[in-house]
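All of the numbers you see were taken from the coordinates with simple rules; none came from a lab. None of the values given here were measured: they were computed from a predicted structure. Every residue, glycine among them, receives a Cβ derived from its backbone with ideal geometry; neighbour counts consider all protein chains shown.
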Amino acid sequence: MESSDAILARFLALHPKSIDFSLSRIERLLARLGHPEERLPPTIHVAGTNGKGSTIAFMRAILEAAGLVVHVYTSPHLVRFHERIRLGRPGGGVFVPEDRLVETLRACEEANEGEPITVFEITTAAALSLFAEEPADVLLLEVGLGGRLDATNVIAEPAAAIVTSIGLDHAEYLGDTIEKVAGEKAGIFKRGCPAVIARQDHEAAERTLAAAAERARASRIRIGGQDFSTHEEGGRLVYEDDDGLLDLPMPRLPGAHQLVNAGAAIAGLRAAGFSRLPTEAFERGMVAVDWPGRLQRLTRGVLPALAPEGSEVWVDGGHNPDGGRAVAAAMADRAERTDAPLVLIVGMLGTKDAAGFLKNFSGLAREVVCVPIPSQMAARPPEEVAAIAASVGLVTSTAPSVEAALAVLNDTVWDAPPRVLICGSLYLAGSVLAANGSLPA
């Protein structure tokens, strides 16, 4: 049987660009497929620069803890394409099986009739077709890039639209100001549908999003820090809005930024009509939530065995300045509780603001070892990343691979076992998880 990888490779020839904002091509294909986007379960649509995936992970964990069947669409994947399409099942969903994926990709290819369409557009059509074929209580749908003209924005009436934290990223597509980026993300707000705006790090983002939701005539606008809030109190997560207070366990996902994402998730569920979920579901969701490659600690496998004895090995796919700030804050918090020298192993794409990302670790990281990203032609050479890291005050070196970097650290004499953070790219995070045998499930 032909593999899904072979079909996906063939899709690359259908359009000269990997990203070309338009809804016309996917709308044409969906019409030929019988409009699966009109036969979906209630859909919660999520856009944002940072925190989209974590917010969806929180919602999935809560909904599944309540016994509901949940479809999930996210991107990009870390190791295998199948991770993008999670089909809901009682007791927990599964990544789309290979045979189902191949069958659906072939159907989309046949319906497209060789016309121009990007890979993300045709695979989004495939995902929506799969979701339409199987009953579920809810679909959690993550925007690929932007929002207004993203291929996922074919949902006419989402149960709720959530925009998570906004920052500068993908400036070549979304604009070079916070206002422009926020304006693109706000394109998922729809008339008569609830809008949820997570607490923002940039006042301009909140202002732009709120104004856009008003213009779209969203049915109810909920803004983090105004209409709902989350904070830590006595080692617990406290969420509060007009519908009441929830006193919950601290999230399994580490970092203060995850309290913000948890708040957006709860507000989104309540806005979408799930306000009557039992408190136990929210409690279990906080403990069960899982989102690979985002401040994930590797405790077993090939890579921790290469690191210095007693050290911690973490991996995170954050790659923009705001993502770097959140991860650096989480590492600083851990340093206050358990002192250990922080060492970064970093690989970054040439399209990312490497200086903006790395400067968050100035004064925090003992050193930075720069590595290539396997199979990524767009990756910055390690020497280039090292020069950028040095320019923001970091001590740098290079290594030919993550494994080699860990071996060098293992040969170094440390006063205390180091805390190693592998970061800078989701592609690097994916390659690390694959090499370690820690595949997302």
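What to note about this one:
- Percentage, to the nearest whole number, of Cα pairs in segment 296-436 over 20 Å apart: 38
- Distance between the C-alpha centres of segment 168-224 and segment 388-419: 39 Å, rounded to the whole angstrom.
- Leu174 sits among other residues whose Cβ lies under 13 Å from its own Cβ, and their net charge, with Lys and Arg +1 and Asp and Glu -1, is -3.
- Sparse packing (at most 11 other Cβ atoms within 10 Å of the Cβ) combined with a DSSP loop state is found for the following trypsin sites (Lys or Arg not before Pro) in segment 1-109: Lys17.
- Prolate/oblate/rounded label for segment 183-231 (Cα gyration tensor, a/c 1.5): oblate
- By DSSP, the beta bridges lying fully in the chain are antiparallel in about 35 percent of cases.
- Efficiency of FRET from Cβ geometry, Asp415 and Asp137, R₀ 41 Å, rounded to 0.05: 0.20
- Computed from Cα positions, the angle between helix 426-436 and the longest principal axis of the chain comes to roughly 70 degrees.
- Close amide H pairs (under 5 Å, H built 1.01 Å from N) link Leu342 with Arg366, Arg419, residues at least 5 positions away or on another chain.
- Dipole moment magnitude, nearest 20 debye, the chain about Cα centre, only Lys, Arg, Asp, Glu C-beta charged: 360
- Here the simple spin-label model places points 7 Å from the Cα toward Cβ, and for Leu149 and Ser362 these points are separated by 3.6 nm.
- With θ taken as phi - 60° and the Karplus curve 6.51 cos²θ - 1.76 cosθ + 1.60 applied, the whole-hertz 3J(HN,Hα) list for segment 384-394 is 5, 4, 4, 5, 5, 4, 5, 5, 9, x, 9 Hz, x standing for glycine and proline.
- Pairwise FRET efficiency - Arg32 versus Met1, Cβ, R0 = 35 Å, nearest 0.05: 0.90
- Largest first and in whole Å, the equivalent-ellipsoid semi-axes of the chain read 34, 27, 21, each the square root of five times a Cα gyration tensor eigenvalue.
- Using the Cβ-Cβ distance between Ser375 and Ser219 with R0 = 60 Å, the FRET efficiency computed as 1/(1 + (r/R0)^6) comes to roughly 0.85.
- Label-point separation, Ala387 to Ser22 (7 Å along Cα→Cβ), nm: 3.8
- Our note on the geometry: Cα centres of segment 422-440 and segment 288-338, 12 Å apart.
- Cα shape, segment 351-426, gyration tensor, a/c 1.5 rule: oblate
- Length available on full extension from Val238 to Glu110: 0.36 nm per residue minus the Cα-Cα distance, which gives 41.0 nm.
- Label-to-label distance, Ala434 versus Ala211, with points set 7 angstrom from Cα along the beta-carbon direction: 4.4 nm.
- Near Glu98: Cβ cut-off under 10 Å, other residues only, Lys/Arg at +1 and Asp/Glu at -1. The net charge is -1.
- Helix-only arithmetic for the chain: the sum of -39500 (n - 2.57) across DSSP H runs with n ≥ 4, divided by the residue total, places the mean residue ellipticity at 222 nm at -11500 deg cm²/dmol.
- DSSP-defined antiparallel bridges as percent of all bridges, segment 296-436, nearest 5: 20
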